[in-house]
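Below: the structure, in structure tokens.
The values are calculated or read from the model by the stated rules, or taken from the named source; none is laboratory data. These numbers come from a predicted model, not from an experiment. No Cβ is skipped: glycine too gets one built from the backbone with ideal geometry, and neighbour counts run over all protein chains shown. To get the accessible areas, we keep the full protein, side chains included, count just its heavy atoms, and leave off ligands, DNA and RNA. Shrake-Rupley method; radii C 1.70, N 1.55, O 1.52, S 1.80 Å.
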Amino acid sequence: MTRLLLVEDDSAIAEPLSRALDREGYSVARASRGMDALGIASTGDPIDLVILDLGLPDLDGLEVARRLRKGGLESPILILTARADEVDAVVGLDAGADDYVTKPFRLGELQARIRALLRRAQSVEESTSAFDVNGVSLDVSARRAYIEGEELNLSAKEYDLLTVLVRESGSVVTRDDLMREVWGAEWWGSTKTLDMHISWLRRKLGDDATNPRRITTVRGVGFRFETGDGS
């Protein structure tokens, strides 16, 4: 049974949401405080997805997300937030979250996001475990990336973005496909987030945006990771 961790201090949201998820066939563990959530995650029992409110009474949800990732949690994190502006969304995703839903939300929308994140997590587990293209190496199972043998310090979303581009090396990946695969099938925001992450990723790869060796912009379409062999 798929196990979810719901971290929400508002019982008016947590209780009906927990019941709805239970009816969907999920096993739901609940926490109303950030430290409680970290304690549940540290027990070693598998967690397939975390639903995490930002406005917790003890720790900010973003800090909880960072600590979960630092503790080794690789499962998707879906943020619940009343902070709808794009800056908070970008910060949340860089903290290690995979998607977000703004309050008030429709139950059907939240359930669709959960299903999409679980599908993506499953597809990553089943994908190739290693890549080595144009001086960049990826260890998918360990979520580690290297350039010319030196490990890169990447955020969770930078790593996911690089993985998609390297996996599809030599082919153009459209903006919509990148947003859908890296930020979630139901992402409705602008693609400024994608441009920012491409810029940061290029910098860490030592790529010159005006004459890139690895990540090439295909205007009006998307991006291509060059194979380095002239193809």
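Summary of values
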| quantity | calculated |
| --- | --- |
| Of all residues in the stretch 41-66 being more than 20 Å from Leu117 (Cα to Cα) and either in contact with a Leu (Cβ under 8 Å, 6 or more places away or on another chain) or of a type in the set (A, V, I, L, M, F, W, C) (or both), the one that is modelled with the lowest pLDDT | Asp60 |
| Selected residue (only one of Thr193, Thr216 is within 17 Å of the chain's Cα centre (by Cα), among the polar types (S, T, N, Q) and open to solvent by less than 50 Å² (accessible area, probe 1.4 Å)) | Thr193 |
| Failed item in (1) open to solvent by 20 Å² or more (accessible area, probe 1.4 Å); (2) modelled with pLDDT of 85 or more, with Ala142 passing the rest | (2) |
| Residue ID - most open to solvent (accessible area, probe 1.4 Å), chosen from residues in the stretch 31-86 that are in contact (Cβ under 8 Å) with a residue 60 or more places away in the chain and assigned to a loop (DSSP other than H, G, I, E, B) | Glu74 |
| Residue pairs meeting the criteria (Cβ under 6 Å; at least 6 apart or on separate chains; first assigned to a strand (DSSP E or B), in the stretch 96-112; second of a type in the set (Gly, Ala, Ser) and surrounded by 14 or more Cβ atoms within 10 Å (Cβ to Cβ)) | Asp99/Gly184; Tyr100/Ala89; Tyr100/Gly92 |
